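Here is the structure we will look at, set down as structure tokens.
The values are calculated or read from the model by the stated rules, or taken from the named source; none is laboratory data. These numbers were taken from a predicted model, which means no experiment stands behind them. Every residue, glycine as well, gets a Cβ built from its backbone with ideal geometry; the counts of neighbours run over all protein chains shown. Side chains are part of the model used for accessible areas, which takes the heavy atoms of the whole protein and leaves out ligands, DNA and RNA. Shrake-Rupley method; radii C 1.70, N 1.55, O 1.52, S 1.80 Å.
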Amino acid sequence: MYIYDEIDQTMVDQRVNQFRDQVRRRIAGELSEDEFKPLRLMNGVYLQLHAYMLRVAIPYGTLSAEQLRKLAWIARKYDRGYGHFTTRQNLQYNWPKLEELPDLLAELASVQMHALQTSGNCIRNVTADQFAGVAADEVIDPRIHAEIIRQWSTLHPEFTFLPRKFKIAVTGAETDRAAVKVHDIGLIAKRDVAGELGFEVIVGGGLGRTPMVGPTIRDFLPERHLLSYLEAVLRVYNQLGRRDNMYKARVKILVHETGAEKFTEMVEREWEQIRDTAVDLPAGERERIAAFFNPPLYDKAEDAAETLTRQVAGDADFAHWVETNVAPHKADGYAIANISLKPIGGVPGDASAEQMDAVAALAERFSFSEIRVTHEQNLVLPHVRQDELYAVWQTLKSYDLHTPNLGLVSDMIACPGMDYCALANARSIPLAQEISERFADLDRQYDIGELKLKISGCINACGHHHVGHIGILGVDRKGEEYYQITLGGSGAEDASLGDIVGPAFPYDKVVNAIETLVDAYLGVRADNERFLDTYRRLGADPFKEALYGVN
Amino acid sequence: MTQQVISANRLGDGIVVYLAADSSWSERISGSVIAMDETAADALLREAKQAEQDRVVIDPYLIDVAEVDGVVRPIKYREFIRATGPSVRPDLSKQSYVPDTGA
Ligand code: HEM
Ligand code: SF4
């Protein structure tokens, strides 16, 4: 794990002190709300429907057991005993009090955490593949470069007032678990024929009002040029991004309106001018940062696989969990254990303080004190010995954290929607709950196979609905909650945007509509074909017909 | 005219509150003072803006309500959720949530 040096720690501590003073001045009346609002947002403090909301950054989704324990402790002391893990690898607290926020932030700082870069028109918390460092199909641990980008971008004077927020995601693997094609910049680490490390650079993806799958503007950027090239992209954006219209201000609009080819030329031209003077990282610094992500000292877990086979054979429930939630690890005898935060009927992404403590304790005992947070709102124990999975699973079971549904229909992404969010048109969470209850039968879910369902409560698309195999978007029809359904989206390496299937449904018709779609798929799918592939093969017609009875 | 009450978030803790007849701010919509006409609504809004100046609340505004059998209920669903709490966490609703004081 990355450990703060003195500069990082001093910076974060100073920010807490500054914020303490700002809160004091606000409460004393020296600052109006208009003056205070940008200051609180720079510290991750929003005002939502019921109360303030604090968004805590979990850079590239990595947490230590100590940090997760602190998050649990904060949930108890300053909130109402729970937190919400989001698609941006953040944790949101829904009920902090303004008066207590400086203390809360000081507690976070004591475990090297903060809420910087979680709001405002800056480079946001950099996200990464949750299997970083352990994925069997990985070229390099993407957290090294995510951390390099974090250090470069935090407080970079040129990038604190961008035309709009800016999101960067990095992966080092072929399988895209970080949705890199729907970020402002997506980076995929790869090696060229000579074995040199570099990145494919994708610019101008995004969701929200105008969703886009980003085009690749460079197939291979040698690693040593990463920062100067990113700087060139940001400079072009900073000069030409539409500051006049908030809805057109994201880089995706600039790339789209300019055309990917022309945009690429502009970036390359800018880069030619700065590449020798800009701040590319000295090799020594790169090595220093990379060393934080060295793999832990794995045991020679020689008989682990055999033990696991025996345990799987002896317990069908455990076998299901292993089949669905456990992924291959690059070290022999180890496995990656995914912890679903989507129990049947639960709130997607919510975790209670007790659950956080339980996962922290498991990480300490079985996973080198490390936890990962995924953009699909789940948790991961990245390094578990195969012969210890059974013990892990048994503990998970007693905290309702053992649902074997990863990648299945009940493993939904859902944004907070109108239950918490001030911008919402409709609720997301209760719909997610009802859908998961409708499909509660796990055998049925296994039969359906991989199906990514994603729900947003408004067009901002925080719930990634555009890239759901099935997407659900809440809209307001004369004060009533309605939901538009899209089909055929994907946020993975085969990224695509979903198509609207037809007229929207009122709240009480949505669950039936989803079931109708799933049944239609089961009726026409070919062998082993995922919902997405069936849709891609046959198009919308069979689904339209099932839903609306017409073609 | 529709009946209206004033809602806002309290500055110190952000909790949703309603302007009451005695000029205090109630966490319950049942404690709110109802404006029956535009003149009354304007007067309430002026009072609320003063409370904003005085740093009691943030962003006060009028919401439409209907009084049915003596129960005040916001007309818009969004305001209903603000008045009652997240629909998915009845244990945290305004009616049932008791803060853990750590005692
Ligand atoms: C509850 C308070 C929240 C507010 C006020 C909020 C606001 C917004 C807004 C305004 C946008 C649109 C940006 C644009 O199109 O330029 C957006 C996009 C997005 N938000 Fe949120 N959001 C909230 C919660 C969340 C949560 C809980 C998540 C994670 C589950 C999230 C993740 C995202 C993502 C992934 C996008 C779309 C990606 C993109 O920026 O293109 N947000 N949000
Ligand atoms: S998608 Fe809309 S409703 Fe959902 S969290 Fe984002 S802004 Fe709120």
So A:I202 ticks every box in (1) at pLDDT 95 or above; (2) open to solvent by 10 Å² or more (accessible area, probe 1.4 Å) but one. Which box is left unticked? (2)
Answer yes if at least one residue in the range A:473-480 is surrounded by fewer than 24 Cβ atoms within 10 Å (Cβ to Cβ), within 16 Å of ligand 2 (Cβ to nearest atom) and within 30 Å of A:V170 (Cα to Cα), and no otherwise. no
What's the total number of residues in the range A:44-74 that are in a strand (DSSP E or B), within 16 Å of ligand 1 (Cβ to nearest atom) and either β-branched (V, I, T) or closer than 30 Å to B:E79 by Cβ (or both)? 8
For the range A:426-536, please list each of the strands (runs of 3 or more DSSP E) lying entirely inside it that holds at least 1 residues being under 22 Å from the mean Cα position of the chain (by Cα) and of a type in the set (S, T, Y). A:453-456, A:480-487
A:F85 - would you say it is out of contact with any Ser or Thr (no Cβ under 7 Å at 6 or more places or on another chain), within 16 Å of ligand 2 (Cβ to nearest atom) and more than 16 Å from A:R150 (Cβ to Cβ)? yes
Of the residues that sit in the range A:527-546 and are among the aliphatic types (A, V, I, L, M) and closer than 19 Å to A:R444 by Cβ, which one is least open to solvent (accessible area, probe 1.4 Å)? A:L532
Between a first residue in the range A:461-472 that is open to solvent by 10 Å² or more (accessible area, probe 1.4 Å) and a second residue that is within 13 Å of ligand 2 (Cβ to nearest atom) and not β-branched (V, I, T), which pairs have beta carbons less than 6 Å apart while being 6 or more apart in sequence or on different chains? A:C462/A:C415; A:C462/A:S456; A:H464/A:K454; A:H466/A:L207; A:H466/A:P211
Take the range B:58-71 and flag every residue that is more than 10 Å from chain A (Cβ to nearest Cβ) and either open to solvent by less than 10 Å² (accessible area, probe 1.4 Å) or within 14 Å of B:V16 (Cβ to Cβ) (or both). B:P60, B:Y61, B:I63, B:V65
Looking at (1) free of Cβ contacts under 8 Å to residues at least 60 places away in the same chain; (2) assigned to a loop (DSSP other than H, G, I, E, B); (3) within 11 Å of chain B (Cβ to nearest Cβ), which is the only condition A:D400 fails? (3)
Pairs please, first residue from the range A:425-453 and on the phi > 0 side of the Ramachandran plot, second anywhere and more than 16 Å from ligand 2 (Cβ to nearest atom) and open to solvent by less than 60 Å² (accessible area, probe 1.4 Å), Cβ atoms under 8 Å, 6+ apart in sequence or on different chains. A:G449/A:L408; A:G449/A:F531
Is there a residue being surrounded by fewer than 20 Cβ atoms within 10 Å (Cβ to Cβ) and away from ligand 2 (no atom under 16 Å from the Cβ) anywhere in the range A:483-493? yes
Could you tell me whether A:A109 is away from every other protein chain (no Cβ under 11 Å) and either more than 23 Å from A:K165 (Cβ to Cβ) or among the polar types (S, T, N, Q) (or both)? yes
Reported set for the range A:191-213 where residues are within 10 Å of ligand 1 (Cβ to nearest atom) and either farther than 11 Å from A:A461 by Cβ or within 14 Å of another protein chain (Cβ to nearest Cβ) (or both) is A:G205, A:M212
Inside the range A:96-139, the number of residues satisfying the requirement of being acidic (D, E) and more than 28 Å from A:P328 (Cβ to Cβ) is 4
Filter the range B:74-92 down to the residues that are surrounded by fewer than 16 Cβ atoms within 10 Å (Cβ to Cβ) and either away from chain A (no Cβ under 11 Å) or touching a Leu at 6+ places or on another chain (Cβ under 7 Å) (or both) and list them by number. B:P90
Considering only residues that are more than 18 Å from the chain's Cα centre (by Cα) and small (G, A, S), which ones fall in the range A:54-94? A:A65, A:A72, A:A75, A:G81
Checking A:A424 against (1) modelled with pLDDT under 95; (2) within 13 Å of another protein chain (Cβ to nearest Cβ), which test does it fail? (1)
Here the residues within the range A:19-44 that are without any contact (Cβ under 8 Å) to a residue 60 or more places away in the chain, farther than 22 Å from A:C462 by Cα and crowded, with 16+ Cβ neighbours inside 10 Å are A:Q22, A:L31, A:F36, A:L39
Give me the pairs, please: first residue somewhere in the range A:45-60 and farther than 19 Å from A:N425 by Cα, second residue anywhere and of a type in the set (D, E, K, R) and crowded, with 23+ Cβ neighbours inside 10 Å, beta-carbon distance under 6 Å, and either six or more positions apart or on two chains. A:Y60/A:R143
Within the range A:232-245, identify whether any single residue is in contact (Cβ under 8 Å) with a residue 40 or more places away in the chain, surrounded by fewer than 19 Cβ atoms within 10 Å (Cβ to Cβ) and more than 20 Å from A:E158 (Cβ to Cβ), and answer yes or no. no
Can you tell me which residue is farthest from the other protein chains (Cβ to nearest Cβ) among those in the range A:78-94 that are in contact with a helix residue (DSSP H, G or I) (Cβ under 8 Å, 6 or more places away or on another chain) and open to solvent by 10 Å² or more (accessible area, probe 1.4 Å)? A:Y78
Selection count where residues are open to solvent by 40 Å² or more (accessible area, probe 1.4 Å) and touching a residue at least 40 places away in the same chain (Cβ under 8 Å), scope the range B:4-46: 4
If I filter the range B:37-46 for residues that are modelled with pLDDT of 95 or more, of a type in the set (G, A, S) and within 20 Å of A:D419 (Cα to Cα), do I get at least one hit? no
How about the range A:1-16: which of its residues are assigned to a helix (DSSP H, G or I), of a type outside the set (A, V, I, L, M) and without any contact (Cβ under 8 Å) to a residue 40 or more places away in the chain? A:E6, A:T10, A:Q14
